[in-house]
1. Please get the size of the charge dipole for segment 4-179, origin at its Cα centre, with Cβ charges of +1 on Lys and Arg and -1 on Asp and Glu, quoted in debye to the nearest 20.
2. Just to check I understand the Karplus step: with θ = phi - 60° and J = 6.51 cos²θ - 1.76 cosθ + 1.60, what whole-Hz values come out for segment 35-52, glycine and proline as x?
3. Report for the chain the percent antiparallel among DSSP-assigned beta bridges with both residues inside it, nearest 5.
4. Based solely on its DSSP helices, what 222 nm [θ] is calculated for the chain when runs of n ≥ 4 H residues each add -39,500 (n - 2.57) and the sum is averaged over all residues, nearest 500 deg cm²/dmol?
5. Stretch E101-V135 to full length: gain in nm at 0.36 nm per residue minus the Cα-Cα span?
6. So what does the Cα-only Debye profile of segment 43-87 read at q = 0.13, 0.22, 0.26 Å⁻¹, as log10 I(q)/I(0), no solvent term?
7. So for each of 30-41, 98-109 I average, over its residues, the number of other beta carbons within 10 Å; can you give me the resulting order with the highest mean first?
8. What are the trypsin sites (Lys or Arg not before Pro) within segment 1-57 that DSSP puts in a loop, where the Cβ has at most 16 other Cβ atoms within 10 Å?
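What follows is calculated from the coordinates using simple rules that are stated; it is not laboratory data. Please read these numbers as outputs of a predicted model, since none were measured by experiment. Here the Cβ is made from the backbone with ideal geometry for all residues, glycine too, and neighbour counts use every protein chain on show.
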Amino acid sequence: MKIISFAVPCFNSADYMEKCVYSLLPLGDDIEIILVDDGSTKDNTAEICDRLVAEHPNVIRAIHQENAGHGGAVNAGLAAAEGLYFKVVDSDDWLDEEAMETIMAFIRSQAGLAEPTDLVISNYVYEKVYEGKSVSMGYRNVFPENRIFNWDDIGHFHLSQYLLMHSVIYRTALLKEIGLKLPHHCFYVDNIF
């Protein structure tokens, strides 16, 4: 079993999707990267997906589907996911290797447990590349650090704080058990996630 499945929704993403994928590959062979080509028509996203699968067949898989929007692509990635954990990484995003190694060490420690943690929450940085700005989203005032906690341990969010898919990693079986499906063809559908 893979430790984590990264679903990467791709729609006309040829210009930047490889940066995303190459930020995931150093995390090891116990991960899977599921590239979901969501009906790309304006570039060679589909071909890049297939080439990456050929180059990394033990880590990368590709799904080609008719356009269903971001939610439909996430749903397809989740349906195909075989990892203990599941994370969505948009094709225009990338992960910091050092930060992810810390997270990967934790989720690898969960693999042998009878009841692995349901949700892993991390800080993230939103980089506005074309503006030369970045915004860090941290949760020190809300969540205890580096330990498992429950609802009673959670603090209060500031108005500027919110949880998005960028900061969460779910236990795959939990998402499948609850049957969460994101709507197709909607903007900001990942706020549900």
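1. Its charge dipole is roughly 360 debye.
2. 8, 10, 6, 8, x, 4, 10, 9, 8, 9, 3, 4, 5, 5, 4, 5, 5, 5
3. 35
4. Value at 222 nm, helices only, nearest 500: -8000 deg cm²/dmol.
5. 10.1 nm
6. Log10 of I(q)/I(0), two decimals: -0.33, -0.89, -1.09.
7. With the highest mean Cβ count within 10 Å placed first, the list reads 30-41, 98-109.
8. K42
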